[in-house]
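One structure is given below, encoded as structure tokens.
The values are calculated or read from the model by the stated rules, or taken from the named source; none is laboratory data. From a predicted model like this one, the values you see are computed outputs, not experimental measurements. Quick reminder, even Gly has a Cβ in these numbers, built from the backbone with ideal geometry, and neighbours come from all protein chains shown. Surface areas here come from the heavy atoms of the whole protein model, side chains and all, with no ligands, DNA or RNA. Shrake-Rupley method; radii C 1.70, N 1.55, O 1.52, S 1.80 Å.
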Amino acid sequence: MTGEKLLPKLISWNITLKCPLKCEHCYVNAGNSEIKGVISTAEAYHVIDQICEVSKPVLILSGGEPLSRPDIFDIARYGFSKGLRIGLGTSGYYLDIDTIQKLKESGVKAVAISLDSVNPVIHDSFRGVNGVFERAVSAISHCLDEGLYVQINMSVISPDIKEVMGVIQFGNEMGVRDFQIFFPVHTGRGREMGVESPEQYERIIRDILLSCENLDINVRPTCAPQFRRIAKESGINNSHWGRGCIAGIHYCRIYANGDVTPCPYIPVSAGNLRKTSFSEIWNNSKIFTALRDMDSLTGSCGICEYKKICGGCRARAYRGSDFFSSGWCDGLIPPDEVTADLCSSDPWCLYKPGVMK
């Protein structure tokens, strides 16, 4: 990819860190208070202008809970007026019919709603507040009724295929066809949750792919780039998938204070939009340049025949084998401190390049 002109196709923006929930896996430690130095409304418009100078990606307004910001409709409306495709990533907690109609009027076309179990007790326990399951299901139903595109985001909190398929079946019966199955990187409040070993990780990815192979839905494991290799080994192909890890290649994250990172789980700032333009960060930052160079990959990832379609999880590589003990992702490291670990082997990949199966 070196020398190739790459454009952002998807940007997620932690527009706020305020949130009414207490999710076990939160990588930004969102809660009742806003962080110091959060981007203002006027600054948000300027950020959107900067993005549009580079490309017209899908912009996901996320959090925290993005609906905690009273100016969220204004920001969405401005982005839409500039030609961006605007989506919202939400728990559904505040997503009633009136709010949905305001989102539609603001130009929001798609909503990703979190649903982690069909068992209300499990979902509410994971999200830290009672009644969240009921609100999420109600939000999905209302969005579909109002003509908004809905995607269900599920975090794998148990290496049990029945849990995953339960959510997929439940959502599909409601009319949802698109599912992102997230494998949280062990950081933030989620340092000791979910899949506990590379063996469990590989097994549940394969189980998901095989279980969904013949279903008329779109399912994509996320933060699990090995799914591309596992799918190929299993004879499964989906032209819509793209590369396993797109961090810094076609995707980036904007933090609430304007810092830009390749993904939410890589705690390295490539620059701050208050000081450096998005164009400069996207095109010239050291960390993005390294991520785009396939020849910079080292260890087993560097010699792997699947590196162009997988790439390994750069966040897990950066954190190394001891990422269970890693700290928050909102303590961002300056760009000059990027280390070779970023391009090293993914410690949760079991594949041995060149060894016949």
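Note down all Cβ pairs under 6 Å where the first residue falls in the range 167-178 and is over 11 Å from Asp216 (Cα atoms), the second is modelled with pLDDT of 95 or more and open to solvent by less than 50 Å² (accessible area, probe 1.4 Å), and they're at least six residues apart or on different chains. Here the result reads Val167/Leu115; Val167/Met154; Ile168/Phe179; Gly171/Ile152; Met174/Ile140, each pair linking the range 167-178 to a residue that is modelled with pLDDT of 95 or more and open to solvent by less than 50 Å² (accessible area, probe 1.4 Å). The set of residues in the range 57-89 that are open to solvent by 10 Å² or more (accessible area, probe 1.4 Å) and touching a Pro at 6+ places or on another chain (Cβ under 6 Å) is empty. Among the residues making up the range 210-226, those that are over 13 Å from Val156 (Cα atoms) and touching a residue at least 60 places away in the same chain (Cβ under 8 Å) are Pro225, Gln226. Of all residue pairs spaced 6 or more apart or on separate chains, those with beta-carbon atoms under 9 Å, a first member in the range 197-209 that is of a type outside the set (A, V, I, L, M) and a second member that is in a helix (DSSP H, G or I) and open to solvent by less than 50 Å² (accessible area, probe 1.4 Å) are Glu202/Ile230; Arg203/Ile161; Arg206/Phe227; Arg206/Ile230; Arg206/Ala231; Asp207/Ile161; Asp207/Val164; Asp207/Met165. Restricting attention to the range 302-320 and to residues that are among the charged types (D, E, K, R) and in a helix (DSSP H, G or I), the residue that is modelled with the highest pLDDT turns out to be Arg314. With respect to Ser155, is the statement that it is crowded, with 18+ Cβ neighbours inside 10 Å, touching a residue at least 12 places away in the same chain (Cβ under 8 Å) and closer than 25 Å to His25 by Cα true? It is true that Ser155 is crowded, with 18+ Cβ neighbours inside 10 Å, touching a residue at least 12 places away in the same chain (Cβ under 8 Å) and closer than 25 Å to His25 by Cα. Restricting Ile51, Ile86, Ile75 to those that are touching a strand residue (DSSP E or B) at 6+ places or on another chain (Cβ under 8 Å), touching a residue at least 60 places away in the same chain (Cβ under 8 Å) and more than 14 Å from Arg253 (Cα to Cα) reduces the list to Ile75. Whether any residue in the range 174-185 is small (Gly, Ala, Ser) and open to solvent by less than 30 Å² (accessible area, probe 1.4 Å) is what I want to check. No, the range 174-185 has no match at all. Where helices (runs of 4 or more DSSP H) sit wholly within the range 49-127, those with at least 3 residues that are touching a Phe, Trp or Tyr at 6+ places or on another chain (Cβ under 8 Å) and at negative phi occupy 97-105, 120-127. Checking each residue in the range 132-191 for being more than 20 Å from Ile204 (Cβ to Cβ) and in a loop (DSSP other than H, G, I, E, B) picks out Glu146, Gly147, Leu148, Gly175, Val176, Arg177. When each of Gly194, Gly188, Gly258 is tested for being at positive phi and at pLDDT 95 or above, the lone residue that passes is Gly258. Checking each residue in the range 223-256 for being surrounded by 19 or more Cβ atoms within 10 Å (Cβ to Cβ) and either in a loop (DSSP other than H, G, I, E, B) or among the polar types (S, T, N, Q) (or both) picks out Cys223, Ala224, Pro225, Gln226, Gly244, Cys245, Ile246, Gly248, Ile249, Tyr255, Ala256. Just one of (1) in contact (Cβ under 8 Å) with a residue 40 or more places away in the chain; (2) open to solvent by 30 Å² or more (accessible area, probe 1.4 Å); (3) assigned to a loop (DSSP other than H, G, I, E, B) fails for Ile39. It is (2). The residue that is surrounded by the fewest Cβ atoms within 10 Å (Cβ to Cβ), among those in the range 90-123 that are in contact with a strand residue (DSSP E or B) (Cβ under 7 Å, 6 or more places away or on another chain) and of a type in the set (S, T, N, Q), is Ser114.
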